[in-house]
Amino acid sequence: MSLHGIHHVAYRCRDAAETVAWYQRHLGMDFVMAFAEDQVPSTGAPDPYMHVFLDAGGGNILAFFELPTRAPMGHDPNTPDWVQHLALQVDSDAELLAIKARLEADGIDVVGPTDHTLFRSIYFFDPNGHRLELAVPARRPDLERKAADLKWQMLEEWTATRRAPVHARWLHDGSATS
């Protein structure tokens, strides 16, 4: 098998027009396509929908479905809000901070920047309640290799104990080498 990337990621939205306008305004995404059907092509089920597609950069597409005949959208009550999110990459700390300032000026609550050692990020919610993260890589290949070298050890210990292994504590405790 040869995967070539993500064709698109799709989420539900309350209002397709509102969602397109929000992503254009706040994240500068281009609206690239829309289509609507009264029947789901993959299942044949009667279920009218609007499907919109936005350019998330780098050949990545973010899509949304508005489903007017369905009950209002919700979230998994057993999963904390911070878990399910979409992380998008920006070029620099200056851009990250400028976007944060613009979001806050528009009344959007923003958490961060948070330093994850390998990247820094901010978090906020779109009008549909989807959590978004904007991240700028630290561009530290030495630390990326260090984290990659620990991946199997971390996973195996987690699988055996269901407790956070300490091998990569340096990612968030400030002790990463400079």
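The values are calculated or read from the model by the stated rules, or taken from the named source; none is laboratory data. None of the values given here were measured: they were computed from a predicted structure. All Cβ positions, glycine included, derive from the backbone under ideal geometry; neighbour counts span all protein chains shown.
Brief remarks on what is shown
- Every residue from segment 114-127 that is in contact with a Phe, Trp or Tyr (Cβ under 9 Å, 6 or more places away or on another chain) and surrounded by 17 or more Cβ atoms within 10 Å (Cβ to Cβ): Thr117, Tyr123, Asp126
- Segment 1-21 residues that are small (Gly, Ala, Ser), paired with ones that are loosely packed, with under 14 Cβ neighbours inside 10 Å and not in a loop (DSSP other than H, G, I, E, B) (beta carbon under 9 Å, 6 or more apart): Ala16/Ala36
- Hits in segment 61-113 - residues which are outside any helix (DSSP H, G or I), of a type in the set (A, V, I, L, M, F, W, C), over 17 Å from the mean Cα position of the chain (by Cα) and loosely packed, with under 12 Cβ neighbours inside 10 Å: Ala71
- Val136 vs. criteria without any contact (Cβ under 8 Å) to a residue 24 or more places away in the chain and either within 17 Å of the chain's Cα centre (by Cα) or under 20 Å from Arg25 (Cβ atoms) (or both): no
- Check on Ser175, more than 27 Å from Gly5 (Cβ to Cβ) and surrounded by fewer than 12 Cβ atoms within 10 Å (Cβ to Cβ): yes
- Criterion violated by Thr161 - all others in (1) at pLDDT below 95; (2) over 23 Å from Arg14 (Cβ atoms); (3) surrounded by 11 or more Cβ atoms within 10 Å (Cβ to Cβ) satisfied: (3)
- Residues located in segment 9-37, provided they are more than 23 Å from Glu95 (Cβ to Cβ) and of a type in the set (Gly, Ala, Ser): Ala10, Ala16, Ala17, Ala34, Ala36
- Cross-chain or 6+ apart pairs with Cβ under 8 Å, segment 144-169 first and closer than 16 Å to His116 by Cα, then loosely packed, with under 10 Cβ neighbours inside 10 Å: Arg169/Ser175
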